[in-house]
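A.B. asks: A single structure is presented below for examination.
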Amino acid sequence: MEKWKIQQENLLTPFNLEGLDFETTNCLSDLKETPGQERAYLAMEFGFNIRQKGFNLYAMGPSCSGKYVAIKEFLNNKASGENVPWEWCYVNNFEKSHRPLYLKFPAGRANEFKEDNKRLLEDLHGAILSAFVSEGYRNKRQEIEEELKNKQQDELSDIRERAKKEGISLIETPAGIAFAPIIDGNVLMPEQITNLPGNRIQQKPFFTVMR
């Protein structure tokens, strides 16, 4: 028993609490550096002050030793004294989709730009839907369709007259526009063409459908 007490005393380090000027550690501010890591902080300071491209900081050590926390706190303290960096946004390039465009914003404005675009798209979605169901849109669409239909009929009438002079008939079918030969004033169907004599087939041998 006495031997055990002697060994216990050797394991304990006497400490005088009267020299402490605080009651609990809750009164103390957080440490700026991890104790016992002076060389590591000197190395980080050295690496941080190298501002050339291609230089990086690499921390190596046992897991759960506080590397990440220490480096993060070190960089946060350093960053607080630096100029606030610009924010960069990449947006779609409609002419060259593989090469997006970039926009440069002061700190904090990039997120505002993102939210503004989101609201714009929501507003456009509702506005476009409303435009396509309005009476003005329906009237304009009907006007355009009638104009195109009349133009198409005028073109077909011109083609019909020109084809008629060449002995060809223009026929409108559900499948499209058909061209058939005219022989002796009669428009021939495909089955009639096959029954023509050889010399007549060579003269008018076609029956074509076009959409």
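A.B. asks: Which residue, of L75, L101, is surrounded by 11 or more Cβ atoms within 10 Å (Cβ to Cβ), under 30 Å from R39 (Cα atoms) and either free of Cβ contacts under 8 Å to residues at least 40 places away in the same chain or aliphatic (A, V, I, L, M) (or both)?
C.D. replies: Working: L101 fails: under 30 Å from R39 (Cα atoms).
When all the criteria are applied, what remains is L75.
A.B. asks: Something else: Has segment 14-35 got at least one residue that is modelled with pLDDT of 80 or more and surrounded by 11 or more Cβ atoms within 10 Å (Cβ to Cβ)?
C.D. replies: The answer is no, given that none of the residues of segment 14-35 is modelled with pLDDT of 80 or more and surrounded by 11 or more Cβ atoms within 10 Å (Cβ to Cβ).
Yes/no per residue for (1) surrounded by fewer than 11 Cβ atoms within 10 Å (Cβ to Cβ); (2) in a helix (DSSP H, G or I):
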site: N83; (1), (2): yes, no
site: K149; (1), (2): yes, yes
site: E155; (1), (2): yes, yes
site: P181; (1), (2): no, no
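A.B. asks: Is it the case, given these coordinates, that S169 is among the small types (G, A, S), outside any helix (DSSP H, G or I) and surrounded by fewer than 11 Cβ atoms within 10 Å (Cβ to Cβ)? Steps first, answer last, please.
C.D. replies: Details: among the small types (G, A, S): yes; outside any helix (DSSP H, G or I): yes; surrounded by fewer than 11 Cβ atoms within 10 Å (Cβ to Cβ): no.
Here the answer is no, as S169 does not meet what is asked.
The values are calculated or read from the model by the stated rules, or taken from the named source; none is laboratory data. What you see is a predicted model, and the numbers here were worked out from it, not measured in a lab. For neighbour counting, all protein chains shown are included, and Cβ atoms are generated from backbone atoms with ideal geometry for every residue, glycine included.
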